There are 4 protein chains.
Amino acid sequence: MTELAPETRARVAAQLRGQRIETASWAYANSGTRFKVFAQEGVPRDPYEKLADAATVHRFTGVAPTVALHIPWDLVDDYADLARHARELGVALGTVNSNVFQDNDYKLGSVTNPDPGVRRKAIGHLLECIDVMDRTGSRDLKLWFSDGTNYPGQDDVRTRQDRLAEALAETYARLGGDQRMLLEYKLFEPAFYMTDVPDWGTAYLHCMALGDRAQVVIDTGHHAPGTNIEFIVAMLLRAGKLGGFDFNSRFYADDDLMVGAADPFQLFRILHEIVLADAVSGKGIAFMLDQCHNIEPKIPAVIRSVMNVQEATAKALLVDRAALRAAQDEGDVLGANEALMDAYHTDVRPLLREVREDMGLDPDPIGAYRRSGYFEKIRAERVGGTQAGWGA
Amino acid sequence: MTELAPETRARVAAQLRGQRIETASWAYANSGTRFKVFAQEGVPRDPYEKLADAATVHRFTGVAPTVALHIPWDLVDDYADLARHARELGVALGTVNSNVFQDNDYKLGSVTNPDPGVRRKAIGHLLECIDVMDRTGSRDLKLWFSDGTNYPGQDDVRTRQDRLAEALAETYARLGGDQRMLLEYKLFEPAFYMTDVPDWGTAYLHCMALGDRAQVVIDTGHHAPGTNIEFIVAMLLRAGKLGGFDFNSRFYADDDLMVGAADPFQLFRILHEIVLADAVSGKGIAFMLDQCHNIEPKIPAVIRSVMNVQEATAKALLVDRAALRAAQDEGDVLGANEALMDAYHTDVRPLLREVREDMGLDPDPIGAYRRSGYFEKIRAERVGGTQAGWGA
Amino acid sequence: MTELAPETRARVAAQLRGQRIETASWAYANSGTRFKVFAQEGVPRDPYEKLADAATVHRFTGVAPTVALHIPWDLVDDYADLARHARELGVALGTVNSNVFQDNDYKLGSVTNPDPGVRRKAIGHLLECIDVMDRTGSRDLKLWFSDGTNYPGQDDVRTRQDRLAEALAETYARLGGDQRMLLEYKLFEPAFYMTDVPDWGTAYLHCMALGDRAQVVIDTGHHAPGTNIEFIVAMLLRAGKLGGFDFNSRFYADDDLMVGAADPFQLFRILHEIVLADAVSGKGIAFMLDQCHNIEPKIPAVIRSVMNVQEATAKALLVDRAALRAAQDEGDVLGANEALMDAYHTDVRPLLREVREDMGLDPDPIGAYRRSGYFEKIRAERVGGTQAGWGA
Amino acid sequence: MTELAPETRARVAAQLRGQRIETASWAYANSGTRFKVFAQEGVPRDPYEKLADAATVHRFTGVAPTVALHIPWDLVDDYADLARHARELGVALGTVNSNVFQDNDYKLGSVTNPDPGVRRKAIGHLLECIDVMDRTGSRDLKLWFSDGTNYPGQDDVRTRQDRLAEALAETYARLGGDQRMLLEYKLFEPAFYMTDVPDWGTAYLHCMALGDRAQVVIDTGHHAPGTNIEFIVAMLLRAGKLGGFDFNSRFYADDDLMVGAADPFQLFRILHEIVLADAVSGKGIAFMLDQCHNIEPKIPAVIRSVMNVQEATAKALLVDRAALRAAQDEGDVLGANEALMDAYHTDVRPLLREVREDMGLDPDPIGAYRRSGYFEKIRAERVGGTQAGWGA
């Protein structure tokens, strides 16, 4: 990185040291496809062990100090105790994710189910999640509804929207003053004809109706082919409605691969919009990983994912914004594209190694993890019991 | 149709008689792809001849009494005279479509161009379109912007949105009290990286900011693969923001084939949402055709398209809504789907033949057109001059 | 159907009576998505009970006399006994489907796995499936490989093809003289970056290398968005390489919905190619259902699917091929399209009711099933034990 | 690039110096979409001026010594004279591209047209292209057929394949012993329902039937969403049927953007397969650009595209193949992916600057072009006459 001017280096490094990426408790558990879940050795048996793995990721990356929970996958009797455990490990509990898709009652939907009793039950779960937040000190309630229909005619689109709006309003009203609701959209799966919250327009419309503390969360794997995700990022930033990201990557559908693995240039473009809005940190945008490490070892995969977000951020921070804007304003198509690509083509790994050393970390997180013996330890210790999974 | 109860038949027939479909002046002109425009015989040389063709479609279908204009493709000195000519032919001028994509100045955009002078010029054109509307008595200004970028970095997404909002606001302010603005979105083409109004969410957001007389228009060919269009129809109906349709069909991109040709079941599902909202007529939704008849003869293709919309509407009107709702409320997936499919599988062509006879029309519009000698007449008369086209 | 000429009616009815559709044993078992399997009442606990359900479908449709097996989901000690049981129920065992994707060894692939021991094991399973065929009298071995990779670089594309070719060759060599190998392709899932047999080109290439008794099977849900499936049908028919279909339908990915539910017009176009090749029966093409009835009751869903194939076939048989060909040869685009659409728009349900009555069946298979009390019976009887599923 | 071992650097640099990329004559001409062609200043008026632009690209890149022709866009009276002119400019004539899509006769197809007279005419054009090759010394005849249909039923799929096979066979028979036929496939456009050569499977099938000198050419923009192009590269390499590439990039359809602009990682993966087959040069694979520079200046856009291919190639050459293979063979998913990504993340621009200096070139081709005054010269000189375009 000899070419970077010292002040550029300092500015970028400062931002990178301040960046925070939240990992997900379920990323450390077994996951798979409908065809097969390949169990791995050393997988946690309970939320406490998941936190230990998350803390390990933070120990080697330095930028992953919070862990998202999924209720009921992370159901415990005493959330205050879980939070205390997290603190002892050097991390904190983060976003609370509701789950209203795995009870038998939810076969035809949760908050949009034709049966009012089921809707009532689902709303009850959402309210309980806020109870959990009160105890964990979490700021964000993340809502993803698998609700939808598989066949044309199965249920009425507008009626379901009305039910959705009602459930969201009741839940929103329950939020504490410093709590937020993040509404996630997804094109399809598990619903295969119509999904009740399929796109950012729908999520935006509902969040507008709710109020300032309702915001949209973008899962990078939840779009139709060809969707320009960074455009959505920019639109939501402009509207003040971008609550956060569920990062992962995909070639086809919701593949949930490691972020940056399928299209690193897309990840860079997304983070370029974040940088343009000066929102890498301090603007309340939650940068979360939501991935499935079906065939690769989970902890190093999460570390790699954190590093991929860091590298994309570093490149985005290196964009010469003045040169970019000048070329844009002159209508210099090739010059503007080149200003962006110049940053993308830069190898930022040396800079990130320096940043890590500044933070007192090993410059090579994956290597350090491998050398630490942590995996050998959990493989030996976590024998017996039931490995955590999705409970599908 | 012996199975239809008389009251059902009467109800459906009444709705079908009241349905109105607007055809587009440019559908009668030459069109093609970037590879080739195959000129056809008998194509109009000016807006007056286009109106004659549109009037012919109305003569044989009885439900296409208005014709959309495209400015400047339909530039004339005296719009009042054009309107008078239309009236004499038995039709009326309809929606005015602006065109801010064919002037050399618009290479990098019109209302979102980095150059303020170009933006000014584009807004000027939009305002002139409202002048035309004042003279033609048109209710709707339809705005489609080809604006966008081809390369990442080429221009700033949020800045372009700001420019767009400004242009829309100025144009909206110029509308007369009974005039509307219909904002159309399109995923891509001719912009190949980022389109400024690519999806319904963006169009909705801007229309919300503008006011009640700004509404979204859905072009059925302008979506990403897998998009559930009838869901968008339902969402916009629910929000009171559905201004109309540009009907056509597609297998791949914006193919602009005859509506109902690629996926007749999708067209039926769209019209099912319209019927559920009792919006076949009287609710201000503009049902327009926007198609390219590149290789098939144009007038019979437009007639066929009108008939396809009628057939889909007839099927949608035949849905037993009470039975459908009962099955939905009971969570009877197969029963609800069957209630919908039962209507779809019905052959409604006999009913439509009866409807046409009731309206004093030939029951077979295509056959009647062919027998009328109209094509032989225009082929002989329209010799010399310059055939109308897109001017690309 | 008063409009059908008697000879047309007789010709079409004869073909419909001769049509055969194979149902899949696993369609009667529980299935779901990676998010949740919603168990249903009355689901079979073993292959014998699955056969009973399949026999029920055949009892009410008359055209589903064979049942596909999936090894090891349908593992039994004595296949001859299973075949005898099937015969007693009025059905027969059909295609044998191998399963080399659910053993822990197959995490990185089966026949393309980098580990030669795993490849050996997988080939062993394929050979055992032929042993099963010898005992069941099945003609077809259907091979679907979930093999692939999730990340770029994970394994070598060409090397994996070499391994695949080797495994196929060894398996093909083991086939008896009247046995066939049907090779299925799939774009993605569960592999999320590269699938070893992702498209018809790959399947065709391998089948060509193997010999006449290796043929391609088309699963209608296994294509990229926008793929023209009927084109592939035509190509494989022309090349003599179409072995059969796995029918289902989809809006997005491999949704495995009831065939004809998502795009009935597409199903019609597929069967039109079959009819054009006079291959509805007697040409060795296996017409199979491969679906997941995740939220709808399974037996009536299979009956509905069989009916959907019948209706599409009936419409395809009604195409006036002489008129179609004449219009095609004249370059009459609208006329040729109309000849096809005329058959599609016909309501063939009355004809199919007549065909069923001719076959001594109730004209309304779904209603007859519901009235039969079969579901109430299995719901009461099939209590305790472990319901069959995918074992994921 | 201080980290590159000297022997690595030397090996990679040697390969990069030997790489050849063919530019297309039509890339220097005006192009656009069906909505608008934005003419640019300084655009060539004839094939001689196109060659001058191509020679300029070669002058600054050193790796683009041949120019593809498009007949009839590049129709001249004396091809020997054109070839001589090229030689004087330091370049040579390359691949000959046939064009059977712009004559009015081809509205319903060329070699697959229902009219035998049109088919005869189209074949005649193909044979004439070989005449041109004889005079220009071109090795490759590249065939792209826009043939297809817009509506279901419009023509018979299999019959059209028979016509296609016949035309290809007659053309193939006319080839000289050192001439090749490259058959290109394209999913859609300008045909919007069925394209006669839509995918690699179809092209492969026909090339297999023809013989060794018929090979498939991959246009990187001609696939369905989600298609794994590098897989196709690997399959065709394995089968000995990869004739070449038409490079460009796309976000949506056949956008024809600069190669590497939309997904640089994909381009790298494609070249990784080429490198794995040791086919960067010397294996007869034609690396061609086929792009439309609709809004950006054409010559620098072509230079940029050449550089993008070079950069992707350099990264692919840097892959540590031994380490990659070792990780693959061990089933080390993350390690194998990391081996690939390590090369991708490397900034190869310094290496390429060195390679250019070794070749006696300016290390900054774009800058050198801008400083050369070439554009100012052609802008001043090329006034009057008719600018070259697509003639659509």
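Structure notes:
- Taken along the Cα-to-beta-carbon direction at a fixed 7 Å, the label points for C:Glu41 and C:Glu3 span 4.4 nm.
- Inter-probe distance in nm under a simple model that places probes 7 Å from Cα toward Cβ, at B:Asp178 and A:Met208: 2.8 nm
- Taking all protein chains as shown and a probe of 1.4 angstrom, B:Ile285 keeps an accessible surface of around 20 Å².
- Cα→Cβ-extended label distance, 7 Å offset, between C:Glu166 and C:Asp320, nm: 5.9 nm
- The range C:19-318: relative contact order as a whole-number percent, Cα under 8 Å and 6+ apart: 18 percent
- Alpha-carbon centroid distance for the pair the range C:15-75 / the range B:197-271, whole angstrom: 39 Å
- Each copy carries a label point for A:Glu3 at 7 Å from Cα along the beta-carbon vector; from one copy to the others these points are 1.5, 7.1, 7.2 nm apart, nearest first.
- For the pair D and C, total buried accessible area rounded to nearest 100 Å², probe 1.4 Å: 4400 Å²
- Helical mean residue ellipticity (222 nm; -39500 (n - 2.57) per DSSP H run of 4+; nearest 500) of chain D: -14500 deg cm²/dmol
- B:Asp103, C:Asp147, reordered so the largest accessible area comes first (probe 1.4 Å): B:Asp103, C:Asp147
- When the Cα gyration tensor is reduced to axis lengths a ≥ b ≥ c, the ratio a/c stays below 1.5 for the range A:19-318, which is therefore classed as rounded.
- Threshold 30 Å² - residues in the range D:296-327 whose accessible area is reduced by that much or more when the chain is no longer isolated, probe 1.4 Å: D:Glu296, D:Arg304, D:Arg325
- For q = 0.15, 0.30 Å⁻¹, Debye-computed log10 I/I(0) when each Cα of the range D:108-160 counts as one equal scatterer: -0.50, -1.15
- Shape category assigned to the protein assembly as shown from the gyration tensor of Cα positions, a/c cut at 1.5: rounded
- In the context of the full protein assembly, A:Asp78 retains an accessible surface of approximately 80 Å², using a probe radius of 1.4 Å and ignoring ligands and nucleic acids.
- Computed FRET value (nearest 0.05) for D:Ala277 with A:Ala10, which takes r as the C-beta separation and R₀ as 35 Å: 0.15
- 10 Å Cβ neighbours from other chains, averaged over peptide A:349-355: 1
- Partner chain coverage, peptide A:234-244 - average Cβ within 10 angstrom: 3
- Carbon plus sulfur fraction of accessible area for the range A:130-238, probe 1.4 Å, in percent: 46 percent
- The range A:160-261 shape via C-alpha gyration tensor axes, a/c threshold 1.5: prolate
- Note that the range B:64-124 carries a Kirkwood radius of 13.2 Å, evaluated over its alpha carbons pair by pair.
- Computed packing ranks the peptides D:241-249, C:346-354 as D:241-249, C:346-354, most packed first, by mean other Cβ atoms within 10 Å.
- Burial of accessible area (probe 1.4 Å, heavy atoms of protein chains only) in the range C:27-47, relative to its chain alone, reaches at least 30 Å² for C:Thr33, C:Arg34, C:Phe35, C:Lys36, C:Phe38.
- Per-residue mean of C-beta atoms belonging to partner chains within 10 Å, peptide A:191-204: 6
- For D:Met341, the solvent-accessible surface with a 1.4 Å probe is about 20 Å², rounded to the nearest 10.
- Accessible area (Å², per residue) of chain C, counting only protein heavy atoms and a probe of 1.4 Å: 30 Å²
- Most mobile of B:Val67, B:Val118, B:Val57 in a GNM of chain B (Cα contacts under 10 Å): B:Val118
- 1.4 Å probe, heavy atoms, protein only - residues of the range D:135-168 losing at least 30 Å² accessible area vs chain alone: D:Asn150, D:Tyr151, D:Pro152, D:Gly153, D:Gln154, D:Asp156, D:Val157, D:Arg158, D:Gln161
- Centre separation in Å (Cα based) which lies between the range D:92-131 and the range D:322-342: 48 Å
- Distant-in-sequence amide H partners of B:Ala92 (H built 1.01 Å from N, under 5 Å): B:Thr66, B:Val67
- Amide N of the range A:114-142 lying under 16 Å from the label point, which is placed 7 angstrom from the Cα of A:Ala80 along Cα→Cβ: A:131-138
The values are calculated or read from the model by the stated rules, or taken from the named source; none is laboratory data. Predicted model only: the values in this text are computed from it and were never measured. Every residue, glycine as well, gets a Cβ built from its backbone with ideal geometry; the counts of neighbours run over all protein chains shown. Note: areas computed on protein heavy atoms with side chains; ligands, DNA, RNA excluded. Shrake-Rupley method; radii C 1.70, N 1.55, O 1.52, S 1.80 Å.
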